[in-house]
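Written out below as structure tokens is the structure these notes cover.
The values are calculated or read from the model by the stated rules, or taken from the named source; none is laboratory data. Keep in mind that what you see is a predicted model, and the values were worked out from it rather than measured. So basically every Cβ, Gly included, is an ideal-geometry build from the backbone, and we count neighbours across all protein chains shown. The area values use the complete protein model at the heavy-atom level, side chains included, leaving out ligands, DNA and RNA. Shrake-Rupley method; radii C 1.70, N 1.55, O 1.52, S 1.80 Å.
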Number of protein chains: 2
Amino acid sequence: MSAQLRVGVDVGGSTTEAVSLDGSARVVARAERRTVRGKEGVVDGILAVIDAVVPPGGASSVGIGIPGRVSDGRVHDAVNLDISDLDLASEIAARSGAVVGVENDVRAATRGIGVDRFSSSLAYLNLGTGVAAGVLLDGRVHGGSRGVAGEIGHLSIDPAGPRCACGQRGCIEAFAGGGAIAARTTGGPFAVRDAFDRADDGDPAALEIVAGLARGAAAAVRTLALAVDPERIVIGGGIARLGERLRAPVLRELERAAEGSAFLGSLHLDERIELLSPGVPVGAIGAALADHRRSALHLSAG
Amino acid sequence: MSAQLRVGVDVGGSTTEAVSLDGSARVVARAERRTVRGKEGVVDGILAVIDAVVPPGGASSVGIGIPGRVSDGRVHDAVNLDISDLDLASEIAARSGAVVGVENDVRAATRGIGVDRFSSSLAYLNLGTGVAAGVLLDGRVHGGSRGVAGEIGHLSIDPAGPRCACGQRGCIEAFAGGGAIAARTTGGPFAVRDAFDRADDGDPAALEIVAGLARGAAAAVRTLALAVDPERIVIGGGIARLGERLRAPVLRELERAAEGSAFLGSLHLDERIELLSPGVPVGAIGAALADHRRSALHLSAG
């Protein structure tokens, strides 16, 4: 029976989380631990959370969602994890004995959010260190022809906006990415929360940062709505943990634009956005439910 | 045998074109006539081109692509045709006796462009009076949850940009739409071509218009590439009839942005855009190939 368990792992900048799912996609066990950066730390952390949710050899498959570019089981440029290149699927397959699939973490979370929803058409807008989205169409994650579908963070919305790490000016991510905001402020993992606190105290620079964040997030929502037109747009990621403090200014920004444009108003974007419920391990669940038949690396290939 | 013919009609601002297709989707006959604006002129024009491509009662179905918003066979706000509201499917079904489906013209053309291509993943960027795109995924037109997928013309790329008819500032359409350009220049149907001519003569205002057009078109291409990630992006519409005169500045704008951003460079957008070949009636062919089973209006319902 335990051989039927599918395991999903979500590797985040701060925590690595795993779930095991039974044949009905119900969560059987769940575990998490602090992420240790670097190749060895990340691989050991993944193996540890897998061991915590299934008995040895008990995973029929392991799906891993991880930041960075992913192709053929390899992870590239996962800057927040201090990984430039890692053959993660081979490493985990060799040491766990399971069939292993690896994908980008936003994709995995998009699939996880789609579970148990009536609507199979949604976008997941991740406001974290960077800004990226995942698109679910007809219940399946839409990757696109080059695997970049949803990478809207690097669309410029203002040629006079802040310089982006990508080289352009005024990218959505330059306004609404936690990394860009940290680089312009106090820095550190709480830079965005700090900016909201100081904005509450009336600090002009902080007010500008919060306004820019709302502007970038609203532009991301409009871009997804007009290019892809999903029924729901779910906002998650580290910045979304601010909850109502984030939602309120984003809503105001969407409403302001809708007041100026009957067309935008007709889209009712204010009713179509929602914040991801914290505490539900959508990233790990989505990773567990990925279709590994198409992309998996078996032990024999490891 | 003639009962097997599927008819497609493309209603444009200047011409109304029809094709009839055999069971293998080959063009059997083709006809066009000048579009006469207003409800009566449009309906009569459609019936005339249908009669020109099939014998009376010989159409198994009629698909119509027309500008404006389309829902349940009705056309709304087709400004260039002087139509605010028209139950087009009922009108044509009642007078032709055929099963009739109506859809937006950009959607129909997107499907028509996809015919005979190896790649079933493409976007069609229409640069006409307005700017809108159609998205083909897995060989099917992706309409979205509210029928606006691809309506990227009203995404703002510059808060200091020109005022758009929609109420916002700096919309892609305000830069790259023929209507917006006409409103800012000499006006008339040749306003864009006039601007290119004057730009060739070094006129500063015209150079700015051409630069803005290239900027808006390049932003539209990037938006489609990052949100939807189709393999190919085909540019058509009235402005695309400028051919190389349009393609060159759009390419330069894409290359300029790619030079500043390794991420954008990695997308090879310069190799993925193409101009729609003039002369192929993709709009009428696509309209003929629409799946009328889901949305058609039969005579009995007319």
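A few points about this structure:
- Elements of type helices (runs of 4 or more DSSP H) contained in region B:102-202, each with 1 or more residues being farther than 16 Å from B:Ile235 by Cα: B:172-176, B:178-184, B:191-200
- Tallying residues that are crowded, with 18+ Cβ neighbours inside 10 Å, among the hydroxyl-bearing types (Ser, Thr, Tyr) and closer than 20 Å to A:Gly128 by Cα within region A:11-65 yields 2.
- Among the residues of region B:218-247, those identified as hydrophobic (A, V, I, L, M, F, W, C), assigned to a helix (DSSP H, G or I) and within 14 Å of chain A (Cβ to nearest Cβ) are B:Ala218, B:Ala219, B:Ala220, B:Val221, B:Leu224, B:Ala225, B:Leu226, B:Ala227.
- Test: residue in region B:50-65 that is part of a strand (DSSP E or B), under 30 Å from B:Gly188 (Cα atoms) and either touching a Lys or Arg at 6+ places or on another chain (Cβ under 6 Å) or acidic (Asp, Glu) (or both): no
- Where A:Ala149 falls short, out of the listed (1) at the interface with another protein chain (Cβ under 7 Å from one of its Cβ atoms); (2) hydrophobic (A, V, I, L, M, F, W, C); (3) touching a residue at least 60 places away in the same chain (Cβ under 8 Å): (3)
- Answer from A:Asp82, A:Asp138, A:Asp105, A:Asp116 - the residue that is surrounded by fewer than 24 Cβ atoms within 10 Å (Cβ to Cβ), more than 13 Å from every other protein chain (Cβ to nearest Cβ) and touching a residue at least 12 places away in the same chain (Cβ under 8 Å): A:Asp82
- Residue in region A:33-49 that is of a type outside the set (Phe, Trp, Tyr), modelled with pLDDT of 95 or more and assigned to a strand (DSSP E or B) present: yes
- Single residue of region A:119-128 satisfying the filter (closer than 13 Å to A:His142 by Cβ and not hydroxyl-bearing (Ser, Thr, Tyr)) that is surrounded by the most Cβ atoms within 10 Å (Cβ to Cβ): A:Ala123
- Taking first residues from region B:159-184 that are within 9 Å of chain A (Cβ to nearest Cβ) and modelled with pLDDT under 95 and partners that are open to solvent by less than 10 Å² (accessible area, probe 1.4 Å) and part of a helix (DSSP H, G or I), the Cβ contacts under 6 Å between residues at least 6 apart in sequence or on separate chains come to B:Cys164/B:Ala174.
Residue-by-condition table, conditions (1) open to solvent by 10 Å² or more (accessible area, probe 1.4 Å); (2) at pLDDT below 95; (3) closer than 25 Å to B:Ile157 by Cβ:
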{"site": "A:Ala191", "(1), (2), (3)": "no, yes, no"}
{"site": "A:Asp197", "(1), (2), (3)": "yes, no, no"}
{"site": "A:Asp200", "(1), (2), (3)": "yes, no, no"}
{"site": "A:Ala206", "(1), (2), (3)": "no, no, no"}
{"site": "A:Ile209", "(1), (2), (3)": "yes, no, yes"}
{"site": "A:Ala214", "(1), (2), (3)": "no, no, yes"}
{"site": "A:Ala217", "(1), (2), (3)": "no, no, yes"}
{"site": "A:Arg222", "(1), (2), (3)": "yes, no, yes"}
{"site": "A:Val228", "(1), (2), (3)": "no, no, yes"}
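- Region A:156-168: number of residues that are surrounded by fewer than 17 Cβ atoms within 10 Å (Cβ to Cβ) and either among the charged types (D, E, K, R) or under 22 Å from the mean Cα position of the chain (by Cα) (or both): 1
- For B:Ile92, the conditions (1) at negative phi; (2) more than 10 Å from chain A (Cβ to nearest Cβ); (3) surrounded by fewer than 17 Cβ atoms within 10 Å (Cβ to Cβ) are fulfilled apart from (3).
- Extreme residue, farthest from B:Ala227 (Cα to Cα), among residues of region A:119-135 that are modelled with pLDDT under 95 and facing chain B (nearest Cβ under 9 Å): A:Ser119
- Checking each residue in region B:248-293 for being among the β-branched types (Val, Ile, Thr) and within 14 Å of chain A (Cβ to nearest Cβ) picks out only B:Ile273.
- Taking the conditions (1) modelled with pLDDT under 95; (2) buried (at least 17 other Cβ atoms within 10 Å of the Cβ); (3) within 18 Å of the chain's Cα centre (by Cα) in turn, A:Ser71 satisfies each one other than (2).
Results for (1) open to solvent by 60 Å² or more (accessible area, probe 1.4 Å); (2) within 26 Å of A:Ala180 (Cα to Cα), shown as yes or no for each residue.
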residue	(1), (2)
A:Gly238	no, yes
A:Gly243	no, yes
A:Val250	no, yes
A:Ser261	no, no
A:Ser266	yes, no
A:Leu269	no, yes
A:Ser277	yes, yes
A:Ile285	no, no
A:Ala288	no, no
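- Cross-chain or 6+ apart pairs with Cβ under 8 Å, region A:238-254 first and on the phi > 0 side of the Ramachandran plot, then at pLDDT 95 or above: A:Gly243/A:Leu275
- Number of the exception - B:Arg6 against (1) of a type outside the set (Gly, Ala, Ser); (2) modelled with pLDDT of 95 or more; (3) not in a strand (DSSP E or B): (3)
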